[in-house]
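The values are calculated or read from the model by the stated rules, or taken from the named source; none is laboratory data. All values reported here derive from a predicted model rather than from experimental measurement. Don't worry about glycine lacking a Cβ; one is built from the backbone with ideal geometry, like all the others, and counts go over all protein chains shown. All accessible areas refer to the heavy atoms of the entire protein, side chains included, with ligands and DNA or RNA removed. Shrake-Rupley method; radii C 1.70, N 1.55, O 1.52, S 1.80 Å.
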Amino acid sequence: MADATLLNQIKDFANRADPYPLYARLRQTPVSRQHDVGQGDASLGDAARGVWVAASHDAVMRLQNDPRLSVETQPPTKRPSTGNPVTDYLINPVKNRITDSHQPFLFRDPPAHDLLRAATVHQFTPARVHAMRARSERLVGAMLDRKRDAHEIDVVADLAYPLPVAVICELFGVPEGDAARFHDWSSQLATAVEPGVSVSEETRIENARTFDAISDYLADLVAEKRRRPRDDLLSGLANHATPDGYRMGDLDLISTAILILVAGHETAVNLIGNAWLTLMRHPHELERLRANPDRAPRVIEEVMRYDPPVQLVSRKTLSAIDIAGTTIPAGEALVLMLAAGNRDPAAFPDPDRFDPDRSGTRHLGFGGGLHYCVGAPLGRFEAEAALVALARRLEAPRLIEDPPPYRRPATLRGPERLRVVVEKIL
């Protein structure tokens, strides 16, 4: 039986640099009930009831495709008190109801999920995504050009952070001067998706302010796209229906845009950071990539298994589920440990070995089922562009800190800084 405190140990920031031994202990019981002591998210149950955790590859694969699970795990929106009676008792309750009624499709079940996702996928056209591949390569080149005379680079701050925001802003048709605002908004809102973690009142207030600020900005931008459409994703969502005739309203369009921004930015930052750290720890694979850039897709797929940017996702049971010799009752909180399943020796031989030539069982890095990552092709292109350029242009790179400092979330896990000393940037 798995230690019932393992989930709390995984969420403890002290274990952020290497949670994989804890995942291995979790897998000893493929589906276990964990005590989530001190958690503050009502969507994940209370401490007395605990939280169910699936950790084996087989269990996660089966559950992420099970229609008896719901993704509607977000707690009701509650904007902080302002001290103004009109705001607190009239305006904010209305805003809270609107927010809860128009969650992004990542947190919606069918049929609403299917409509919103289909409309989004319809606008992620092959031509649009492939154009972003070439653009990613040019952006990476320009970012490294700016560091050409330096002998140190922070791969996160100098490349992994600015690249996805620049790509997403181009996809949305956001004016170039506003990209920095999207960066700040995305970083702040990422704190709101960590399951079972109590946040300070200060953080709650800042998240509410950030959400309202980006919503107001996007409302104006959507209105502009309706008046003067351009060839960008936001214009497409605002003005064109799916083949079935569905078109998003403004509120769902805004929530979808926020989802693409936060999910697309935060996961890409972690993917690039985790990938470069892995290559630095495996210099032979770095040399192979430098000699043959066509290996980049293999490297990315193995990183998505070996050290994925999204480590876990939250669900709740709509009815009782029998799995792995146990029964999860209806109405229970459930965590799917993607990163634990990706290191399952029953699915991947020698799973703790980084091997880009690995073949066989599908990894869980992009999720699965109805909620497979919409932006997966775009994330792959961004990461490939970054890794190939870094491998080619950083001469004799050496990590300054190993392990590097990590960002606080356990869900969206990656280095906060990744400082590298180089002899030269070509």
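What number, in percent, do you get for the relative contact order of segment 281-426 if the mean sequence gap of Cα pairs under 8 Å and at least 6 apart is divided by its residue count?
It rounds to 25 percent for segment 281-426.
Whole number in Å², please: accessible area per residue of segment 317-361, 1.4 Å probe, ligands, DNA and RNA not counted.
Spelled out: the 1.4 Å probe surface of segment 317-361, per residue, equals 40 Å².
Using a 1.4 Å probe on the protein chains only, how many percent of the accessible area of the chain belongs to carbon and sulfur?
Ligands and nucleic acids excluded, carbon and sulfur reach 54 percent.
Going Cα to Cα from Lys147, which aspartates and glutamates come in below 15 Å? Please leave out same-chain ones fewer than 8 positions away.
Excluding near neighbours in sequence, the set is Asp158, Glu395, Glu423.
As I understand it, the dipole of the chain uses +1 on the Cβ of Lys and Arg and -1 on the Cβ of Asp and Glu, about the Cα centre. Which of Tyr246, Val71, Met304 lies farthest toward its positive end?
Selected residue: Tyr246.
Give me the percent relative contact order of the chain, please, defined on Cα pairs under 8 angstrom at least 6 residues apart.
Relative contact order of the chain: 25 percent.
Treat every Asp and Glu Cβ in the chain as -1 and every Lys and Arg Cβ as +1, leave all other atoms uncharged, and give the resulting dipole magnitude about the Cα centre to the nearest 20 debye.
Once rounded to the nearest 20, the dipole reads 460 debye.
Rounded, prolate or oblate, given the Cα gyration tensor of segment 307-351, with a/c below 1.5 counting as rounded?
oblate
What net charge do the residues around Ala383 carry, taking every other residue with its C-beta under 14 Å from that of Ala383, with Lys and Arg at +1 and Asp and Glu at -1?
Result for the local shell: -2.
Send over a whole-number figure in Å² for the accessible area per residue of segment 1-158, probe 1.4 Å.
I get 50 Å² per residue for segment 1-158.
First check a/c for segment 246-359, with a ≥ b ≥ c the square roots of the eigenvalues of its C-alpha gyration tensor; if it is under 1.5, answer rounded, and if not, answer prolate when a/b is larger than b/c or oblate otherwise.
Taking the square roots of the gyration eigenvalues as a ≥ b ≥ c, segment 246-359 is oblate.
Compute the relative contact order of segment 271-364 as a whole-number percentage, counting only Cα pairs closer than 8 Å that sit 6 or more residues apart in sequence.
This gives 27 percent for segment 271-364.
Report the charge-dipole magnitude of segment 288-426 in Debye, nearest 20, computed about the Cα centre from +1 at each Lys and Arg Cβ and -1 at each Asp and Glu Cβ.
380
State which entries of Lys11/Lys424; Lys95/Lys316; Lys11/Lys78; Lys11/Lys316 exceed 28 angstrom in Cα-Cα distance in the structure shown.
Beyond 28 Å between Cα atoms: Lys11/Lys424.
If Lys and Arg each add +1 and Asp and Glu each add -1, what is the summed charge of the other residues whose beta carbon sits under 13 Å from the beta carbon of Ile91?
In short, +1.
From the phi angles alone, apply the Karplus equation (6.51, -1.76, 1.60; θ = phi - 60°) to segment 254-265 and give each ³J(HN,Hα) in whole Hz, x where the residue is Gly or Pro.
5, 5, 5, 5, 5, 4, 4, 5, 5, 5, x, 7
Assigning unit charges at the beta carbon (Lys, Arg +1; Asp, Glu -1) and nothing else, what dipole magnitude in debye, to the nearest 20, does segment 4-158 show about its Cα centre?
Its charge dipole is roughly 300 debye.
Apply the Karplus curve 6.51 cos²θ - 1.76 cosθ + 1.60, θ = phi - 60°, to the phi angles in segment 239-252 and return the couplings in whole Hz, x for Gly and Pro.
Residue by residue, segment 239-252 yields 10, 10, 8, 6, x, 8, x, 8, 9, 5, x, 4, 5, 5 Hz.
Given 37 °C and 0.692 mPa s, how large is the Stokes-Einstein diffusion coefficient of the chain in µm²/s, with Rh as the Kirkwood radius over Cα pairs?
Estimated diffusion coefficient is 146 µm²/s.
Residue by residue, what Karplus-based ³J(HN,Hα) values in Hz, rounded to whole numbers, does segment 349-360 have, using 6.51, -1.76 and 1.60 with θ = phi - 60° and x for Gly and Pro?
x, 6, x, 8, 9, 7, 9, x, 8, 5, 9, x
Specify which residue in the list Phe107, His130, Pro162 is farthest towards the positive end of the charge dipole of the chain, using unit charges on the beta carbon of Lys, Arg (+1) and Asp, Glu (-1), about the Cα centre.
His130
Is the shape of segment 231-288 best called rounded, prolate or oblate, per the rule: a/c under 1.5 gives rounded, else a/b larger than b/c gives prolate, else oblate, with a ≥ b ≥ c the square roots of the Cα gyration tensor eigenvalues?
Because a/c hits 1.5 or more and a/b exceeds b/c, segment 231-288 counts as prolate.
Just name one of Ala190, Ile205, Leu221: the one whose Cα is farthest towards the positive end of the charge dipole of the chain (beta-carbon charges, Lys/Arg +1, Asp/Glu -1).
Comparing the listed Cα positions along the dipole, Leu221 ranks first.
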